[in-house]
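S.K.: First the structure, which I've put down as structure tokens, then a few questions once you've had a look.
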Amino acid sequence: MAYENVRTEVRDGLLVLTIDRPKVLNALNAATMEEIYEVFAAARSDEKVKAVIVTGGGDKAFVAGADIGELAQKTPTTGKETSERGQFILSFIERFPKPVIAAINGFALGGGCELALACHIRIASEKAQLGLPEVTLGIIPGYGGTQRMARLLGKGKALELICTGDRIGAAEAERIGLVNKVVPADQLMATAEEMARKIMSRGPLAVRAAIEAVMSGSDMPSAEGQFLEATLFGLLCASEDTKEGMKAFLEKRPANFRGK
Ligand code: CO8
């Protein structure tokens, strides 16, 4: 499949999706959002893809936000529709059944920060700057950022970042839990790949269930989330992978998971 705004590469089960509009710091216009969706929709049922890394093309930006040229044309109706479509696409990523890691190589602002928030794990280069500067444009985050940031950081920190529109550096982002880890720029992709491959070596059905339990469960009251956890646990007990994982431990050898 040929894309205009993104690049994809699959290497030994790892899909690297690069948002690639460096002239506008990888800003997300509608066409780019649709291409991102198409890549994830195809990868969902592609057995060759076991994990995804999302990053930005060029050396300056992960994604500097939604495309402000397009946003400036929105009416109340098209603004709401665009927000809803973006929310749908980022929720599709959040609920993706295989691990998704954001490798944040530079500016992750507005919709770019929201894209990173929808990924399961965020690793940032020391050069990264993150923020939700929408209020500086007279708008608010519209791709789920108000909800995801508040759930990740707590309401107080989220409101501070959203209402000031301030950009923060990678070290501060790590300190407040907005990113999992910060590494030198030249080690970013290797670190993201190493983490992806470690997760890929684990039982894929178990990883899928863990993502579902955490992502779906965090939108539920604790008792319902725990019910979901127990149900997924029970389901895994019927899998070949669970038997293989336990057997391998008892036989003191590495497990050979087959995703079955
Ligand atoms: N959209 C469109 N173009 C952009 C964007 C963007 N978000 N960001 C940068 N560009 C363009 C610049 O206009 C510039 O183009 P040109 O070379 O033609 O002048 C080029 O990229 C390079 O940018 P700068 O010259 O500004 O580079 P600097 O290094 O000086 O500054 C910054 C980098 C600080 C990242 C700066 O570009 C900036 O502030 N960008 C905008 C950041 C921003 O406000 N992002 C939030 C956008 S709003 C949003 O994301 C809402 C999401 C929810 C949408 C809901 C749907 C309705």
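The values are calculated or read from the model by the stated rules, or taken from the named source; none is laboratory data. Keep in mind it's a predicted model, so treat the numbers as computed, not measured. Note: ideal-geometry Cβ built from the backbone for every residue, glycine included; neighbour counts use all protein chains shown. SASA here: full protein model, heavy atoms, side chains in, ligands and nucleic acids out. Shrake-Rupley method; radii C 1.70, N 1.55, O 1.52, S 1.80 Å.
S.K.: Which percent, to the nearest 5, of DSSP beta bridges fully inside the chain are antiparallel?
M.R.: 30
S.K.: Express the accessible area of region 1-126 per residue in Å², computed with a 1.4 Å probe while the remaining protein chains stay in the model.
M.R.: 42
S.K.: Between T164, I93, A61, whose Cα lies farthest towards the positive end of the dipole of region 56-184 when Lys and Arg beta carbons carry +1 and Asp and Glu beta carbons carry -1, centred on the Cα centre?
M.R.: I93
S.K.: Continuing with the same structure: Any chance you could list the semi-axes, whole Å, largest first, of the equivalent ellipsoid that the Cα gyration tensor gives for the chain, using √(5λ)? Show your work: numbers first, answer last.
M.R.: Values: eigenvalues 203, 83, 66 Å².
Gyration-tensor ellipsoid for the chain: 32, 20, 18 Å.
S.K.: Let me ask another. Under the rule of -39500 (n - 2.57) per DSSP H run of 4 or more residues, summed and divided by the residues of the chain, what mean residue ellipticity at 222 nm is obtained, to the nearest 500 deg cm²/dmol?
M.R.: Estimated from H runs of four or more residues: -14500 deg cm²/dmol.
S.K.: Right, here's the next one. Could you work out which residue, out of G217, G106, G145, moves most in a Gaussian network model of the chain, that is, has the largest mean-square fluctuation with Cα springs under 10 Å?
M.R.: G217
S.K.: In the structure displayed, which of K74/K155; K198/K260; K98/K260; K23/K157; K50/K243; K60/K80 lie more than 23 Å apart, Cα to Cα?
M.R.: K74/K155; K23/K157; K60/K80
S.K.: Another one. Heavy-atom accessible area of M33 with all protein chains present, probe 1.4 Å, nearest 10 Å²?
M.R.: Around 10 Å² of this residue is reachable by solvent.
S.K.: Moving on to the next point. Please list, in chain and number order, the residues 5+ apart from A66 or on another chain whose amide H is under 5 Å from its amide H, with Hs placed from the backbone.
M.R.: The answer is L28, G111, G112.
S.K.: Next question. Take the alpha carbon gyration tensor of region 1-107, find the square roots of its eigenvalues, order them as a ≥ b ≥ c, and report rounded if a/c is under 1.5; if not, report prolate when a/b exceeds b/c, else oblate.
M.R.: Numbers: a/c = 2.14, a/b = 1.40, b/c = 1.53.
It comes out oblate by the Cα gyration axes.
S.K.: Compute the distance from the alpha-carbon center of region 63-137 to that of region 170-200, in whole Å.
M.R.: 18
S.K.: What part of the accessible area of the chain, given as a whole %, is carbon or sulfur when the probe is 1.4 angstrom?
M.R.: 57
S.K.: With charges only on Cβ, +1 for K and R and -1 for D and E, what is the dipole size of the chain about its Cα centre, in debye, rounded to 20?
M.R.: The calculation lands at about 640 debye.
S.K.: Given springs between every Cα pair under 10 Å in a Gaussian network model of the chain, which of T55, T32, T231 has the largest fluctuation?
M.R.: Highest fluctuation of the listed residues: T231.
S.K.: How do the peptides 71-79, 118-126 rank, highest first, by the average count of neighbouring beta carbon atoms within 10 Å per residue?
M.R.: Result, highest mean first: 118-126, 71-79.
S.K.: Region 191-260: percent of C-alpha pairs farther apart than 13 Å?
M.R.: 68
S.K.: So, one more: Convert each backbone phi in region 229-236 into a coupling constant with the Karplus relation 6.51 cos²θ - 1.76 cosθ + 1.60 (shift: θ = phi - 60°), then list the ³J(HN,Hα) values in order as whole Hz, x for Gly and Pro.
M.R.: Karplus values, whole Hz, x for Gly and Pro: 4, 5, 5, 5, 4, x, 4, 4.
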